[in-house]
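Novice: I am attaching a structure below and will ask some questions about it afterwards.
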């Protein structure tokens, strides 16, 4: 039951919601509601469970439903596709919220071949957009997250990343339609001009740029979003370079930074650690059945058996073949100068290579889920600090985090992904969901890493629901002024505090003290 | 309209922890109805292939859906499937299938786990596990028959755990598998 709402009132509110969206789109029974849980939750069973779910079909139904939510002060949790696993999936921030499920709104409203963009609703997945583009004969690519069942809008709103040159999804977002808590509809940028044909072509307009305010937030319900799509290039050259030593990480990023900043390597270049890379091919139990981290001697055997390095660097070149050929010389000279580097331009029967190559050319797939077989029992949460792509800093961060993983009995399984000027470090803390002790250790490890990373000056770019408050508190500058600003905006835009309370540690006034 | 808002005990945990036992279809009705059974085979997983083969050989499988290691087929094929879907798959494939099928209104019928630890398979199932306990590498065949009994014959619903004798693990096996069954698009009487 939503907090502070009695059963009779809740039942009345559900009646009113059913009158808006149709009875068949209001869910209260245990089976349909089970679809809204976090299958990989690091919390004990029974936490973060919804009270009901409501699935509107269009913007008008959203507006009407918001009236009901406001009238009864019902907290809702809004999502598009709900595939945000490792960060909480579709689950609500607290038990009792009503799920505001926008999956029915899954129209691809426009594909513009000339300017290279699409306008989509919240429920559109990468697979759906990819299939649509192929069906209409488009020469545009999507930039899918891995895995590709995620939502185009949801991933961009969560600051997600992909692997083509268009891999920074929020950077590639252009134009939004948002329903505010009071039901008012706002279009951002050029979308505010009546009859504008350029809503998805330029981010700029007169006045403040508001789009970012509706990402990782709870200030409105985004109902349409423009996303830029990459034209299919005339040439594509994916490659992987393996590096023998863990300490090579510093040299890798010192070599890659100028190639990235100058756009010689235009896509999201990624250095994948041995265990992440090999987990698409084998499992831990084939090598080591003991507790605790895998010994170094066994890591070396794994690397040898599978022709891998301690780091495995993926990137690709795109464009006309002469340009690729020319840029390749620069890449080869820089990246192959590290002793022991081995170049791979193809790998037979290697699922990890296959799915990375697909992702870098905009083909969605689900293969990354297979790495959950490494432990078995598939639980995982991602700790994702972000920093500049500096070799020394990357190595120092790696050493700190790897040591903490080992202290808590986990293997380090991670990757570093370099964008334009940023480096996302994704640590996958993997555990068997059926093992309560392991799950609790994963939770404790995550909490410790948040504090230690903050002490070292690193913040996370995205996080699981369970750690949103802790991470919000690490943004301490000027006595937490940034979150104070979030809260001032929240109080003005959503005075009843109905929209996703607690999202990213942003709470409405009435719930702020308890948080 | 009256909403029964007090009876909610939402399932929690994931594929492994989800409490599908007792979700309550009348199993005795299965034997009387011609139900189309679709078997999901995860082609890279040797146990999954053996399980599917047993279903085919016993004449129970109306169709086999083969999923390659991209797992993409789970999204495309399950969306159009109808009948009783069964599989012995890796845990990630089971989780994806559950997400897709439950969101589409499917009803979980059973979900069991099979975990390779310390040179043995540990099976958590329902009903008499004696044969499973005696089976080593051939356990998916025994499981397929056991599942057919559970779905189409008399079912014992006691939750049980058993371990096989010492056996090796196939180099291609994930070592943690989930057997599952869902009913899709079939109206209950």
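Where a number appears in this text, it was derived from the coordinates with a stated rule and is not lab data. Note that the coordinates shown come from a computational prediction; the quantities given were computed from them, not determined experimentally. Cβ sites come from the backbone with ideal geometry, for glycine too, and all protein chains shown count toward neighbours.
Novice: Relative contact order, percent, of region A:236-466 when contacts are C-alpha pairs under 8 Å separated by at least 6 residues?
Specialist: About 29 percent, as a whole number.
Novice: For region A:154-215, what is the Kirkwood hydrodynamic radius in Å, using each pair of distinct C-alpha atoms?
Specialist: 12.5
Novice: With the Cα gyration tensor of region A:1-127 giving a ≥ b ≥ c as the square roots of its eigenvalues, does the rule (a/c under 1.5 for rounded; else a/b larger than b/c for prolate; else oblate) give rounded, prolate or oblate?
Specialist: oblate
Novice: Relative contact order for chain A: what is it in percent, counting Cα pairs under 8 Å that are at least 6 residues apart?
Specialist: Across chain A, relative contact order equals 17 percent.
Novice: Could you please state, rounded to a whole Å, how far the C-alpha centre of region A:217-255 is from the C-alpha centre of region B:75-89?
Specialist: After rounding, the separation between the Cα centres reads 33 Å.
Novice: Within a 10 angstrom radius of the beta carbon, how do B:167, A:174, B:162 rank from fewest other beta carbons to most?
Specialist: Ranking B:167, A:174, B:162 by Cβ neighbours within 10 Å, fewest first, gives B:167, B:162, A:174.
Novice: How do A:448, A:260 line up, fewest other C-beta atoms within 10 Å first?
Specialist: Ordered by Cβ neighbours within 10 Å, fewest first: A:448, A:260.
Novice: Per q in 0.07, 0.09, 0.10 1/Å, what log10 I(q)/I(0) does a Debye calculation on the alpha-carbon atoms of the protein assembly as shown return?
Specialist: The Cα Debye sum returns log10 ratios of -0.47, -0.81, -1.01.
Novice: How much of the DSSP bridge set in the protein assembly as shown is antiparallel, in percent, rounded to the nearest 5?
Specialist: Counting DSSP beta bridges with both partners in the protein assembly as shown, the antiparallel share is about 85 percent.
Novice: Which of the three applies to region A:216-262, rounded, prolate or oblate, going by the alpha-carbon gyration tensor with a ≥ b ≥ c and a/c under 1.5 meaning rounded?
Specialist: Taking the square roots of the gyration eigenvalues as a ≥ b ≥ c, region A:216-262 is oblate.
Novice: Given region A:7-101, what percent of its DSSP beta bridges are antiparallel, to the nearest 5?
Specialist: In region A:7-101, approximately 20 percent of DSSP beta bridges are antiparallel ones.
Novice: Could you tell me whether region A:1-62 comes out rounded, prolate or oblate from its Cα gyration tensor? Rule is a ≥ b ≥ c as square roots of the eigenvalues, rounded for a/c under 1.5, then prolate if a/b exceeds b/c, otherwise oblate.
Specialist: Because a/c hits 1.5 or more and a/b fails to exceed b/c, region A:1-62 counts as oblate.
Novice: To continue, here is another question. If you average the alpha carbon positions of region A:157-195 and of region A:279-336, how far apart do those two centres end up, in angstrom?
Specialist: Taking the Cα centre of each part, region A:157-195 and region A:279-336 sit 35 Å apart.
Novice: Work out the FRET efficiency for residue B:80 and residue A:197 from their Cβ-Cβ distance, taking R0 = 51 Å, and round it to the nearest 0.05.
Specialist: 0.85
Novice: Which values, in whole Å and largest first, are the semi-axes of the equivalent ellipsoid of region A:371-434 obtained as the square root of 5 times each eigenvalue of the Cα gyration tensor?
Specialist: 24, 13, 7
Novice: Let me ask you something else. Would you kindly work out the equivalent ellipsoid of region A:108-231 from its C-alpha gyration tensor and give its semi-axes, the square roots of five times the eigenvalues, largest first in whole Å?
Specialist: Taking √(5λ) for each Cα gyration eigenvalue gives 22, 16, 13 Å.
Novice: Averaging sequence separations of C-alpha pairs under 8 Å and six or more residues apart, then dividing by the length of region A:136-212, give the relative contact order as a whole percent.
Specialist: After rounding, I find 19 percent.
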